[in-house]
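Engineer: Quick one: the structure is below, and I'll ask about it shortly.
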Amino acid sequence: MSPERIIVPLDVASEAEAIALLETLPEVTFWKVGLELFVNSGSGILKILKNQQKRIFLDLKFHDIPNTMAGACRAVGRYGVDLLTIHATAGKDAIAAAHQAVQAGATSAGVTPPKVLAITLLTSISARQLAFELKIPLELPEYALQMALLAQAAGVDGAVCSPQEVAQLRQICGDDFLLVCPGVRPLWAEGGDQKRSLTPAQALKAGADYLVIGRPITAAEDPKSAWARICDELAAS
């Protein structure tokens with residue numbers, strides 16, 4: 001398996017911390033920028049990553065009315081990032097508006113548009129929480145599938161799902177639908193707040209295109225060794 005299929009989150013609070021992590025792990029080619037870093041540092045971190053020829057997963061999880069989603073996604077389209085997340089629960093109209101706006105923004109800037117991914121259900125949410133807190137009557141795998149199918153019908157490029165749902169989504173949504181899996185944990189790493197996890201090898205075998213692996217690498221005592229260990233395990237699987 002190519003290490004390029006592993007996305008490492010820059011889940012830090014400042015641009016300086018992000019730069020330090022980039023320097024610690026120069027081998028990583030695909031980085032995720034989430035809400036905390038983006039709110040703290042703005043789009044400057046994206047320029048830094050692009051200057052280093054890194055690929056960028058901009059994980060902002062937009063969720064709003066269609067007009068607002070479109071405005072935000074049009075702006076993101078100009079950044080030249082590779083992946084962008086929105087919430088499927090925003091509804092079909094908002095999903096379609098977001099996808100169309102990303103294309104328009106990228107065209108206006110002369111860059112390749114990002115692939116738009118719909119969040120099916122956050123990997124921190126358990127089946128019990130889905131039923132008792134969110135009052136969703138569907139079983140969790142069925143709910144994740146319905147959100148992915150909604151997103152696919154609205155025209156986006158793929159979905160973000162837990163590794164435990166990826167096999168079903170791959171089978172039903174087809175090979176051209178991009179599937180990105182957070183909540184991936186090696187056996188030797190702590191689970192953290194992920195409720196629906198698999199190992200990297202299991203997630204790839206189930207049909208994931210990309211794996212988001214954060215704290216097992218970035219919070220390790222030696223991040224470089226943790227990265228190498230994960231790459232070696234995948235190469236041997």
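The values are calculated or read from the model by the stated rules, or taken from the named source; none is laboratory data. Everything numeric here is computed off the predicted structure, so don't read it as measured data. Heads up, the Cβs are rebuilt from the backbone with ideal geometry, glycines too, and the neighbour counts pull from every protein chain shown. Each accessible area value is taken on the protein alone, full model and side chains, heavy atoms only, with ligands, DNA and RNA left out. Shrake-Rupley method; radii C 1.70, N 1.55, O 1.52, S 1.80 Å.
Engineer: Report the GluC sites (Glu not before Pro) located in segment 135-193 that are in a DSSP loop and have at most 11 other Cβ atoms inside 10 Å of their Cβ, or state none. Write down the numbers at each step before the final one.
Structural biologist: On the way: sites: Glu139, Glu142, Glu165, Glu190; in loops: Glu139, Glu190.
Hits after loop and neighbour filter: Glu190.
Engineer: For the chain, give the percent of accessible area contributed by carbon and sulfur heavy atoms, probe 1.4 Å, rounded to a whole number.
Structural biologist: On the way: 5550 of 10790 Å².
Of all accessible area on the chain, carbon and sulfur atoms account for 51 percent.
Engineer: Can you give the accessible area of Thr199 in Å² (nearest 10), computed on protein heavy atoms with a 1.4 Å probe?
Structural biologist: 20
Engineer: Tally Lys/Arg at +1 and Asp/Glu at -1 over every other residue whose Cβ is under 15 Å from the Cβ of Asp82; what's the total? Before the final figure, lay out each step's value.
Structural biologist: On the way: positive: Arg5, Lys32, Lys47, Lys50, Lys54, Arg55, Arg78, Lys115; negative: Glu4, Asp59, Asp157, Asp209.
Result for the local shell: +4.
Engineer: What net charge is computed for the residues neighbouring Ser108, neighbours being all others with C-beta under 14 Å from the C-beta of Ser108, Lys and Arg scored +1, Asp and Glu -1?
Structural biologist: On the way: positive: Arg74, Arg78; negative: none.
Net charge in that neighbourhood comes out at +2.
Engineer: For the chain, what does the accessible surface come to per residue with a 1.4 Å probe? Please give it in Å². Write out the running numbers ahead of the final one.
Structural biologist: On the way: 10790 Å² over 237 residues.
Result: 46 Å² of accessible area for each residue.
Engineer: Another question about this same structure. If we count every other residue with Cβ under 11 angstrom of Thr24's Cβ, Lys/Arg +1 and Asp/Glu -1, where does the sum land?
Structural biologist: On the way: positive: Lys224; negative: Glu17, Glu23, Glu27, Asp222.
Around Thr24, the charge tally is -3.
Engineer: Does a label point 7 Å from the Cα of Thr112, set along Cα-to-beta-carbon, have any residues of segment 143-158 with amide nitrogen under 19 Å, and which are they?
Structural biologist: Flagged as within label range: 156-158.
Engineer: Ile65 to Arg128: extension gain in nm, 0.36 nm per residue of separation minus the Cα-Cα distance? Could you put the intermediate results ahead of the total?
Structural biologist: On the way: separation 63, 0.36 × 63 = 22.68 nm, distance 2.82 nm.
Result for the pair: 19.9 nm of gain on full extension.
Engineer: Let me ask something else about it. Please report, in whole Å³, the volume per residue of the convex hull around the C-alpha atoms of segment 143-184. Display every interim value, and only then the final one.
Structural biologist: Numbers: hull volume 2.5 nm³, N = 42.
Convex hull of Cα atoms, per residue: 60 Å³.
Engineer: So what does Ile19 come to for accessible area, using a 1.4 Å probe and Å² rounded to 10?
Structural biologist: 50
Engineer: Kindly state, as a whole number, the per residue volume in cubic angstrom of the convex hull around the alpha carbon atoms of segment 1-110.
Structural biologist: Values: hull volume 11.9 nm³, N = 110.
Taking only Cα atoms, segment 1-110 has a hull volume of 108 Å³ per residue.
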